[in-house]
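Chemist: Before I ask anything, here is the structure I am working with.
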Amino acid sequence: MQNTKKHCGRCGGTGRYITHSLNGRLRGPGGICFRCEGKGYQTPADERRNAAYDEYAAARAMRADMGY
Ligand SMILES: [Zn+2]
């Protein structure tokens, strides 16, 4: 049996996070976990979205490092 639901490490499976950072500032409290959209686990579709997000965030960080 294949398990496609992956426990979400971002929110610990609760579907919610207490604090997060947005543009370098801590926001909170509470909110729906964007990694799993509040489900507490990640589907393959969630994983694809998160992978794309991580690539985007990494690209942004690289541009920031170069001073753009
Ligand atoms: Zn989550």
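Read the figures in this text as sums done on the coordinates, not as results from a lab. Quick caveat, the model's predicted, so the values are computed rather than measured. For neighbour counting, all protein chains shown are included, and Cβ atoms are generated from backbone atoms with ideal geometry for every residue, glycine included.
Chemist: Can you sort ARG35, ARG10 so the residue with the fewest Cβ neighbours within 10 Å comes first?
Modeler: Ordered by Cβ neighbours within 10 Å, fewest first: ARG10, ARG35.
Chemist: Taking only C-alpha pairs under 8 Å that are 6+ residues apart, what is the relative contact order of the range 6-66 in percent?
Modeler: Rounded, it is 30 percent for the range 6-66.
Chemist: What does the helix-only formula give at 222 nm for the chain: each DSSP H stretch with n ≥ 4 adding -39500 (n - 2.57), the total divided by the residues, and the result rounded to the nearest 500 deg cm²/dmol?
Modeler: It comes out at -11500 deg cm²/dmol, rounded to the nearest 500.
Chemist: For a footprinting-style exposure proxy, rank THR14, THR4 by other Cβ within 10 Å, fewest first.
Modeler: Values: THR14 13, THR4 10.
If I rank by nearby Cβ atoms, fewest first, I get THR4, THR14.
Chemist: If you don't mind, another one. Report, to two decimal places, the Cα Rg of the range 6-66 normalised by 2.2 N^0.38 Å (N = number of residues). Display every interim value, and only then the final one.
Modeler: Details: Rg = 12.7 Å, N = 61, 2.2 N^0.38 = 10.5 Å.
This ratio for the range 6-66 stands at 1.21.
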